[in-house]
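In what follows, a structure is listed as structure tokens, so that the remarks can point back to it.
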Amino acid sequence: MPATNQTIPAHVPPERVVDFDFLHVVKGDADPFLTLKRLHDGPDIFWTPHNKGHWVATRGEDIRRILSDHQTFSSRVIFLPAMERPRIIPAEIDPPHHAAYRALIQPFFYPNAIASWADEARQLATSLIDDFHAKGECEFIADFALQLPIIIFMKMCDLPLAHREMLLDWVGPIFRPQGETDIQEARARFNAYLVDVIAARRAHPGSDLLSKTLAGTVEGRPLNDMEALSITNSLVLGGLDTVASSMGWMALFLAEHPAHRRQLIDDPKLIPNAVEELLRRFSIPTIARIVAKDVTFNGVALKEGDPVLMSACMHGMDERSFDNPLEVDFRRADARKHSVFSQGIHRCPGSTLALAEFKIFLEEWLRRIPDFGIKPGAKVKTGSGIVHSVLSLPLAWTPVA
Ligand code: HEM
């Protein structure tokens, strides 16, 4: 979308305007994180006329404060550019109603509920590796990252595994759109699919995550059709793309850093902190808040209704929040103070599942394929937008007989 003066409101001082389009952070396969890091050279908070006009908060402590303060910063739109669409439940619901929706899904992500899936996830990880181990190469994204977390999530929801590719085709444009029509078409198809799933679950409820969520009540009444669609949408969108995207960045880093791999192989107890550290350094999501009341924030006048965008990686890479933030240090004591799962009341409930899957991935992969690298001559493809992703990662290793 072209930037125009109309998207610079009168209360925005000219020195706070930066020409920044978060949907087109990089051209080609440049590193989106290092490109975003350069924004730290400018104002801590600035206005961009792109994508209908919005603020961008670039510093870790500001991002943490904004995400934690739901009274000043509403969640009523968390994905920019804002467009006519129903709110995502629970992510775009503010208090007092948020808690009731959140309570519907939270129990499925308690650590004991997630632990019940760990054996299946580990078996799946080993069998996926078995499929390509002897070949000495794989395309990590298609052969592993878009398999392990997605198959587990589809099993949790009892969705037919044959629908995996179709769902991924819709989720891609939603998180990494090339244009507004692109997102709207993908959303329309995705919603039509979910409406059918909801009708089937209501007619014949099972014991899966979606059936149990749809059978729940909010504030003493069943979910209406709009709420059912929205909450299902939120769960499926949350579960399908994000874990795979983060896994891609983890594998890319390890493929290029043999000493870090060796550290985890020699001391697997470091893996949980290594997961947090890799999430911090390569934080994938970009989310927004809407200013709920006029406020002066760090000396800048924000007006009710102004959107504020935050890229979680800008927190993870902020030298005011982390020492040597671009360095990956698996022993970093405060690695988990990142914003990859957000902060405050909307903090990602699926983080327990995601963390368990990352741990299983690193343990099983490094046990079977300790030495690997990017396939010589092959090209790594990345994409950025609402979620930064590795789209293609050809890996190679010496096959063991
Ligand atoms: C690396 C993986 C993941 C990342 C980076 C991630 C990131 C996030 C972020 C940033 C938010 C908060 C949005 C906000 O504050 O406005 C969020 C919320 C949410 N996530 Fe995740 N997520 C991940 C995995 C998952 C998984 C696996 C699921 C479900 C299976 C899930 C389901 C949800 C739901 C339902 C919410 C809304 C919570 C609320 O509003 O109370 N996420 N996630």
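Taken together, the values in this text are just the output of simple stated rules run on the coordinates, not laboratory data. Since we're looking at a predicted model, the values are computed, not measured. Neighbour counts run over all protein chains shown; Cβ positions are idealised from the backbone, glycine included.
Quick look at the numbers
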read-out: Distant-in-sequence amide H partners of Phe73 (H built 1.01 Å from N, under 5 Å); value: Ala292
read-out: Principal axis dimensions, largest first and in whole angstrom, of region 250-397 by Cα; value: 56, 33, 29
read-out: Contour excess over end-to-end distance, with Cα ends at Glu185 and Glu61 and 0.36 nm allotted per residue; value: 41.0 nm
read-out: Added length on full extension, which subtracts the Cα-Cα distance from 0.36 nm per residue, Ala200 to Met226; value: 7.8 nm
read-out: Amide H within-cut-off set for Phe20, under 5 Å, with H built and near neighbours excluded; value: His50
read-out: Of Ile290, Ile198, Ile141, the one that fluctuates the most in a GNM where the chain has Cα springs shorter than 10 Å; value: Ile198
read-out: Dipole magnitude of region 1-157 about its Cα centre (Cβ charges: Lys, Arg +1; Asp, Glu -1), debye to nearest 20; value: 520 debye
read-out: Rounded to whole Hz, the Karplus (6.51, -1.76, 1.60) HN-Hα couplings of region 16-30, x for glycine and proline; value: 9, 9, 10, 7, 9, 10, 5, 7, 9, 5, 10, 9, x, 10, 5
read-out: Alpha carbon centroid spacing (whole Å) that separates region 32-92 from region 307-347; value: 15 Å
read-out: Neighbour-count ranking [beta-carbon atoms within 10 angstrom, fewest first] of Trp117, Trp55; value: Trp117, Trp55
read-out: Packing-based exposure ordering (other Cβ within 10 Å, fewest first) of Cys138, Cys348; value: Cys348, Cys138
read-out: For region 315-320, 3J(HN,Hα) per residue [Karplus equation, 6.51 cos²θ - 1.76 cosθ + 1.60, θ = phi - 60°, Hz, x = Gly/Pro]; value: 6, x, 9, 8, 5, 6
read-out: Net charge contributed by nearby residues that have their C-beta within less than 11 Å of Arg76 (K/R +1, D/E -1); value: 0
read-out: Fully extended contour minus Cα-Cα distance, from Ser68 to Ser351, at 0.36 nm per residue; value: 100.2 nm
read-out: Charge dipole magnitude, Cβ of K and R +1, D and E -1 - the chain, Cα centre, debye nearest 20; value: 380 debye
read-out: Lys pairs under 13 Å by Cα in the chain, provided they are eight or more residues apart or on distinct chains; value: 4
read-out: Which of Ser68, Ser75 has the fewest Cβ neighbours within 10 Å, and the rest in rising order; value: Ser68, Ser75
read-out: Scattering curve values for the chain, log₁₀ I(q)/I(0), Debye with Cα scatterers, q = 0.10, 0.12 Å⁻¹; value: -0.67, -0.99
read-out: Leading residue at positive end of dipole, region 211-350 (Cβ point charges), from Pro272, Pro285, Phe253; value: Pro272
read-out: Under 5 Å, built H, 5+ apart or other chain: amide partners of Ile89; value: Ile231, Ser234
